[in-house]
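Every number here is computed from the coordinates shown, using simple stated rules; none is lab data. Because the structure is predicted, anything quoted here is derived from the model rather than measured. Methodologically, a virtual Cβ is constructed for each residue, glycine included, from the backbone with ideal geometry; neighbour enumeration extends over all protein chains shown.
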Amino acid sequence: MAPVLVFLCFFLGRAAEAAAGAEARAGGRGTVLPLRVQEVAAPAANRLRFRHNVSLTVQAAVGTPPQNATMVLDTGSELSWLLCSGNGSRLASAPPFNASASSTYGAIPCWSPDCRWRGRDLPVAPSCDAPPSSSCRVSLSYADASSADGLLAADTFLLGGAPPVRALFGCITSYSPTTGNGNATNSSEAATGLLGMNRGSLSFVTQTGTRRFAYCIAPGDGPGLLVLGGDGAATAAPPLNYTPLIEISRPLPYFDRVAYSVQLEGIRVGRALLPIPKSVLTPDHTGAGQTMLDSGTQFTFLLADAYAALRGEFLNQTRALLAPLGEPGFVFQGAFDACFRAPEAPAAAASRLLPEVGLVLRGAEVAVAGEKLLYRVPGERRGAGGAEAVWCLTFGSSDMAGMSAYVIGHHHQQNVWVEYDLQNGRVGFAPARCDLATTQLLGAGA
């Protein structure tokens, strides 16, 4: 066995052993930490060109001595990353992680087997720095045309009360957002980092040997929770309905094989099951049409035929409750065109009467009701004196957004306990009061 392969096996093995040991010491409950809904203007942490990005964030401590970092929890991304200083960074803002100040930080050399293409987030193979550095350089890109460049590195990550684990990540030194500001000089444009949680070989989940994790997203300003590891029985989780993760044996151009892909079997509005052919909800021969759970995307997106059916039925059932915006050219964030106008108080009253939208999965359902169905568009007012706000249905068109998949975002997972059971290849769902679950597991001061 080659020395570099021994190094790789030792690295990943030690990370998995550390994670397993932490889980055992937690008595089967796993590591529990607060999960917050936070506005983070960070195109590289989100798939779409959202002017106001609302993300799920967790606190981590990275390096030795530990440096605090706020990281976006993203089940749709693979390689974790941090904005870095201390590596000749060209970032003008003050990122929180100073690589040169960490005694456990190490840049991955070009000769390492880790310095090769094997992740969806890396559009091109890693490259080598010019001598004498010979460090492995990676480039990340996203569907909104934002990109990031930096070094592939390793350091210790500490989340919650678990012992630190060593993991690979991207130490980002140059960042190009969609705004055209090439190096994120405004700190409000730069997220601290991203915790990649999909099933790829470079994800935090895979590197640490995590076989189960769960979250419960609380609406509003209060924290929810993230549970890493554990056996699922020693937490506040309610009884779950499970749907299997979809696996395919061969690569297809538009199917993401490391995503959390499930089978969407139908969509209902109230009691009306929409007349959508099964073929529309099933991936085609190219892989287009898969359904993904993505905590890094805010809202939910449906492909054209399903979106048209949902839009039409929702407008039909809400005619007596909501006044249409009446502006055919208005499209919020490039993908949401089912919009309405109403003052805040009447809109809040109407939201309690809106028909529930159910995403019917194989063996489970994600139900969306009440305030989660409407989103007030920032900065848009109508009527005399701007008395009316503009509201849009929180289901968008995948086609208008340039995607070839169904995506269930975190907004529609609020007050739902979601468990990713990788050991058994399934995802579980159950309605929950996430604020109460957080208090039970973390205490009132979380």
Next on the checklist: Please compute the length gained on full extension between Gln59 and Asn424, using 0.36 nm multiplied by the number of residues separating them and subtracting their Cα-Cα distance.
Outcome noted: 128.6 nm
Checklist entry - Roughly what percent of Cα-Cα pairs across the range 221-337 reach past 18 Å? => result 68 percent
Checklist entry - Gly443: net charge of surrounding residues, Cβ under 15 Å, Lys/Arg +1, Asp/Glu -1, itself excluded? => result 0
Checklist entry - Cα gyration tensor of the range 286-444, axes a ≥ b ≥ c as square roots of the eigenvalues: rounded (a/c below 1.5), prolate (a/b > b/c) or oblate? => result oblate
Checklist outcome for this item: Between Asp399 and Ser103, Cβ-based FRET efficiency (R0 51 Å, step 0.05) works out to 0.55
Item to check | Label-to-label distance, nm, for residues given as Ser279 and Trp111 (7 Å Cα→Cβ offset) | outcome: 5.6 nm
